[in-house]
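Visitor: Below: one structure in structure tokens.
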Amino acid sequence: MQVNIPVIKGEGSNHRSRLVLHFPPTLVEQPIVCQLVKKYDLDFIILRADVELNKKGLMVLELQGREGPLREGIVFLQESGILVQSLSQDVSRLDDRCTHCGACITICPSEALYLDRGDRKVYFDQEHCIACELCIKGCPVRAMEIRF
Ligand code: SF4
Ligand code: SF4
């Protein structure tokens with residue numbers, strides 16, 4: 001099933017998209033990401049990978065490139081049989097549960113959770129999140145959620 005994945009404008013003509021890829025066992029050993037970056041002239045950063053031979057695999061990555069090829073590349077992944085989700089759809093904070101205690105600020109390796117020195121509140125910036133899950137256990141009131 002194809003779903004619309006957000007693509008964000010970066011510097012110049014560069015665009016980027018952060019994706020969660022769910023590989024079925026039949027595709028875990030296939031070099032699909034290599035084919036993707038060659039075919040569509042994209043750059044990629046792997047943020048996380050849990051892949052075991054003959055089992056399902058999960059990869060979180062950021063793709064970068066020109067907008068058209070980037071969108072075509074995402075469709076290529078979907079048509080290959082990989083379940084593709086946007087990372088921003090998978091990590092979220094329940095704002096009404098957050099007490100702004102600040103415990104997650106030092107835990108978060110990417111500064112996606114940060115203190116605003118103006119109002120002294122803690123904010124979550126999905127754009128910087130790398131889905132490491134450290135804040136899930138670190139938050140005393142379970143305000144952070146991840147849906148892989
Ligand atoms: S640890 Fe939880 S409650 Fe505390 S600031 Fe972070 S998200 Fe909010
Ligand atoms: S999952 Fe939590 S700790 Fe990890 S980068 Fe995202 S916000 Fe930070």
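Visitor: Please state the relative contact order of the chain as a whole percent: Cα pairs under 8 Å, 6+ residues apart?
Guide: Relative contact order of the chain: 24 percent.
Visitor: Now a separate question. Volume per residue, Å³, of the convex hull around the alpha-carbon atoms of the chain?
Guide: Details: hull volume 17.8 nm³, N = 148.
It is 120 Å³ per residue.
Visitor: Further question: Hey, which aspartates and glutamates would be in cross-link range of residue 9, C-alpha to C-alpha under 15 Å, not counting anything within fewer than 8 residues on its own chain?
Guide: In chain and number order, the partners are 43, 62, 67, 127.
Visitor: For the chain, find the longest principal axis of its Cα atoms and tell me its angle to the long axis of helix 67-79, 0 to 90°, nearest 10.
Guide: Its long axis makes an angle of about 80 degrees.
Visitor: Rounded to the nearest 500, what is the chain's calculated 222 nm mean residue ellipticity when only DSSP H runs of at least 4 contribute -39500 (n - 2.57) each, over all residues?
Guide: Values: 5 runs with 36 residues, N = 148.
About -6000 deg cm²/dmol.
Visitor: At 0.36 nm per residue, minus the direct Cα-Cα distance, what do residue 137 and residue 56 gain on full extension? Give it in nm, one decimal, please. Don't skip to the end; give the middle numbers.
Guide: Working: separation 81, 0.36 × 81 = 29.16 nm, distance 2.41 nm.
Gain in length upon complete extension: 26.8 nm.
Throughout, read-outs are computed from the coordinates displayed, never taken from laboratory work. Note that this is a predicted model, so its numbers are computed, not measured.
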